[in-house]
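Derivation of every value follows stated rules applied to the coordinates shown; laboratory data play no part. Remember, it's a predicted structure, so these values are computed and weren't measured experimentally. Cβ coordinates were reconstructed from backbone atoms using ideal geometry, including for glycine residues, and neighbour counts include every protein chain displayed.
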Amino acid sequence: MTGMAVDIDLHCQDLVRRFGSHTAVNQVSLEIPAGSFFSILGPSGCGKTTLLRLLAGFDRPDSGDIMIRGQRMNDVAPNHRPVNMVFQHLALFPTMSVGDNIAYGLKRRKVPTAERQRRIAEVLEQVGLAGMETRLPQQLSGGQRQRVALARCLVLKPTLLLLDEPLGALDLKLRDQMKVELKNLQKAFGTTFVYITHDQSEALVMSDRVAVMRDGRFDQVASPEALYREPATPFVASFVGDNNRLGGKLLARDGELAQVALADGRSVSGRLADSGHHPTPKIGDRAELFIRPESLVLGAAEPGHCTLTARVRATLFDGANSRVEVEAAGERCYVRLPQDGSVPAPQEGSSVTLAWEPQLARVFAAEAS
Amino acid sequence: MRSTGRLSLWLLLTPFVLWIVLLVLLPHVQMLRVSFQVRESWDTLAFGVEQYRNFFTESYYWRTFLRTGVMSLFTTLITLLIAFPVAWYIARLARGRAKGWLFLACLVPFWASELVRTYGWMILLRESGLFSAALQALGWADEPVEMLYNDVAVIVGLVYNGLLFMVVPLVTTLEGMDDNLVEAGYDLGGGHVTVMREIVVPWAMPGIVSGCIVVFMLTLGSYLTPILMGGKDSAWFTGQIFTQFITRFNWEQGAALGVLLLVLSSLIVWLGLKLTGQSLRKVMG
């Protein structure tokens, strides 16, 4: 506690939005501090777009409150909210030049012409498109259009900028480049960003905090690193980053370590996940152990490590991301294959020993499904 | 290989060329020639501009000409104002089967000929018609009301005839508009009027202009509706062309009036395209 209250730009309390019998957004509460980059990560159909549309004002919640800087926004029309949105397909006005696209919002606020010109030139400079005022959106490249869409919103200095997977339409290389650029722009402008995506890499790279959403609810809200290292639910463990899942029954508990008996009778161990969000399994319950590909060591087991023999199915060479596909206890697993020569590539069909530090594996109660 | 390619190209082009030459170019060139012929006596012809001079000196001609032009423009505007909300509903609000049914409803009147449609209006509007009877039954009128044979009746009939040709291009352009464009318009601070004026109308402009061109040309060149529904004071220019050709058997004068009508419609369409900054290729393509 620093004693100084952090400004909260967006506060949502128990938001609910139903479509017929389907609850798209289910009791979602969140708090976003001013100036931060907040991502909502989830598979398609998880309700993240609906949530964003509630924030923008295109849709109304069935219950719950949306507060922006302490002001209740539920009944405020989209054109009167201090919120702007970058759409998935950008929605630049095709009949207007870049300058007119940016001027549109300023004109609505009755900013005088001279001041308007100055601010347009300034924001274009900031996004790296100085002097492009007279171009038409159709004449720009994908990355440039992206920046115009951002400039069109940022010039209005919104309290909250909503971004609806705007990088989805770009090719991979440009997307990687834009991720970094978007993060830098967010820092430079100091605007609070709410970014929704189904791409976990986008969320991890850019965000200060990430909410993982599933079936209309938040499974976990945490920093990218915490999500990766301390997933709160089996869904987060499997959705964020690559992970291997081994299913079985909980055999024994020793403090925070748990032993899981796999389908073929062998037992492995890992650390029990925090019980805050997800029920802790009891002895004899079905349980799942998650272990990351980079935490698995091929061949050399150190004392205290837990081991498992597996059969090599294939070696997947992908530079620094090279992996070995193995079959262990009837399940398919991936092991990172370091390319520094420390481990020779195993033969297909051969038998290998996988070893890991139990502290790096997570054990959850299996989800009823 | 090359010669077969050329042959098939010519085979494909032939109907088009025949159509253009025989049905469009030839009659118009002929009409243009006839319009400049002056009949000196029963068997001698000279060339001159007498028919055109008649048009400008005889006020009845050019007054009707102007009236037809202005009323056609007015009809086009009203058709646009009525068709836009209809097209908006069909393109953006109606879903699935409702959309098909609404389109069909716009098309149904065109299963009957223009003559039958016009008589339909006459049954409703005439002195002994349905509207008149209803007004009397409600006690809003003491005696039969004649609603036919005036300019309003003519415009009602013409708007009805043009509606489909305005709705179709509007629906086509509005259907192609991304919902997000409208939402972005609101999101950046625009109200309903701003979004309509700055985003929807500019987007729909090709459809608006192409619908207006078609409706304007149809209206300007229509004959039955203005003749049947307009009174003796509601003269329409096509009626005068008909009189010259058929009643007066004055083909030279009729041809001159026909050429003038063509010039008027071309001029107004050209002006419309210039004013809205559209090109014919974009609008019709």
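Filter the trypsin sites (Lys or Arg not before Pro) in segment A:82-166 down to the DSSP loop ones having no more than 12 other Cβ atoms within 10 Å, then list what survives.
Sparse-neighbourhood loop trypsin sites (Lys or Arg not before Pro): A:ARG109, A:LYS110.
Can you give the Rg to Rh ratio for the protein assembly as shown, taking only C-alpha atoms and Rh from Kirkwood?
Radius of gyration relative to Kirkwood radius: 1.16.
Using the crude model of +1 on Lys and Arg Cβ and -1 on Asp and Glu Cβ, and no other charge, please compute the dipole size for segment A:158-233 relative to its Cα centre, in debye to 20. Walk me through the numbers on the way to the answer.
On the way: 9 positive and 12 negative charges, 34 e Å.
The calculation lands at about 160 debye.
Less than 29 Å apart at the alpha-carbon level, and either on another chain or at least 8 residues along: which lysines does that give for A:LYS282?
A:LYS282 reaches A:LYS249.
Per DSSP helix of 4 or more residues, -39500 (n - 2.57); summed, then divided by the residues of the protein assembly as shown. What does that give at 222 nm, rounded to the nearest 500?
Rounded to the nearest 500, it is -13500 deg cm²/dmol.
Springs between alpha-carbon atoms under 10 Å, Gaussian network over chain A: tell me which of A:THR50, A:THR233, A:THR113 tops the mean-square fluctuations.
For chain A, modelled as a Gaussian network with Cα springs under 10 Å, the answer is A:THR113.
Are there DSSP H segments in chain A that both extend 15 Å or more along their axis (alpha-carbon positions) and score a mean Kyte-Doolittle hydropathy of at least 0.5? List them, or say none. Kindly include the intermediate steps, with their values, before the conclusion.
On the way: long enough: A:98-108 (16 Å, -0.29); A:113-126 (20 Å, -1.11); A:142-154 (18 Å, -0.26); A:172-189 (25 Å, -0.65).
Flagged H segments: there are none.
Work out the FRET efficiency for A:VAL180 and B:MET196 from their Cβ-Cβ distance, taking R0 = 30 Å, and round it to the nearest 0.05. Numbers along the way, then the final one.
Working: r = 39 Å, r/R0 = 1.31.
Efficiency, rounded to the nearest 0.05: 0.15.
Loop sites only, by DSSP: take the trypsin sites (Lys or Arg not before Pro) in chain B that have at most 12 other C-beta atoms within 10 Å and name the longest stretch containing none of them.
Working: sites that count: B:ARG95, B:LYS232, B:ARG248.
Maximal segment without exposed cleavage sites: B:96-231.
Could you tell me, in Å, what Rg and Dmax come out for the Cα atoms of segment B:57-284?
20.4, 65
Summing Lys, Arg as +1 and Asp, Glu as -1, what charge do residues with Cβ under 12 Å from the Cβ of B:GLU198 carry, B:GLU198 excluded?
Around B:GLU198, the charge tally is +2.
Compute the distance from the alpha-carbon center of segment B:31-108 to that of segment A:203-223, in whole Å.
Each part's Cα centre sits 63 Å from the other's.
Testing the spin-label approximation: label points 7 Å from Cα along Cα→Cβ at B:ILE246 and A:ARG332. State their distance in nm.
The modelled label-to-label distance comes out at 8.0 nm.
Using only Cα atoms, what is the ratio of the radius of gyration of segment A:242-365 to 2.2 N^0.38 Å?
It is 1.06.
Are there any trypsin sites (Lys or Arg not before Pro) in segment A:253-339 that are in a DSSP loop and have at most 12 other Cβ atoms within 10 Å? List them by number.
For trypsin sites (Lys or Arg not before Pro) across segment A:253-339 that sit outside H, G, I, E and B with at most 12 neighbouring Cβ atoms in 10 Å, the list reads A:LYS282.
Using r as the Cβ-Cβ distance of B:SER266 and B:LEU26, and R0 as 25 Å, what FRET efficiency do you calculate, to the nearest 0.05? Let's see the in-between values first.
Values: r = 18 Å, r/R0 = 0.73.
The calculated FRET efficiency here is 0.85.
Count of lysine pairs in segment A:8-234 with Cα atoms under 26 Å apart, counting only pairs 8 or more residues apart in sequence or on different chains?
Counting lysine pairs in segment A:8-234 gives 13.
Sort out the exposed loop GluC sites (Glu not before Pro) in chain A (DSSP loop, at most 14 other Cβ within 10 Å) and tell me the longest stretch that has none.
Counting at most 14 other Cβ atoms within 10 Å as exposed, the longest clean stretch of chain A is A:1-255.
Considering only DSSP states other than H, G, I, E and B, which chymotrypsin sites (Phe, Trp or Tyr not before Pro) in segment B:231-285 qualify as loop sites with at most 12 other Cβ atoms within 10 Å? Show your work: numbers first, answer last.
On the way: sites: B:TRP236, B:PHE237, B:PHE242, B:PHE245, B:PHE249, B:TRP251, B:TRP270; in loops: B:TRP236, B:PHE249.
Counting only loop positions with at most 12 other Cβ atoms within 10 Å, the chymotrypsin sites (Phe, Trp or Tyr not before Pro) in segment B:231-285 are B:PHE249.
Expressed as a fraction of 2.2 N^0.38 Å, the rule-of-thumb size for a compact globular protein of N residues, what is the C-alpha radius of gyration of chain A?
1.17
For B:LYS282, which lysines qualify as cross-link partners when the Cα separation must be under 20 Å and same-chain residues fewer than eight apart are set aside?
Answer for B:LYS282, where 20 Å is the Cα cut-off: B:LYS274, listed by chain and number.
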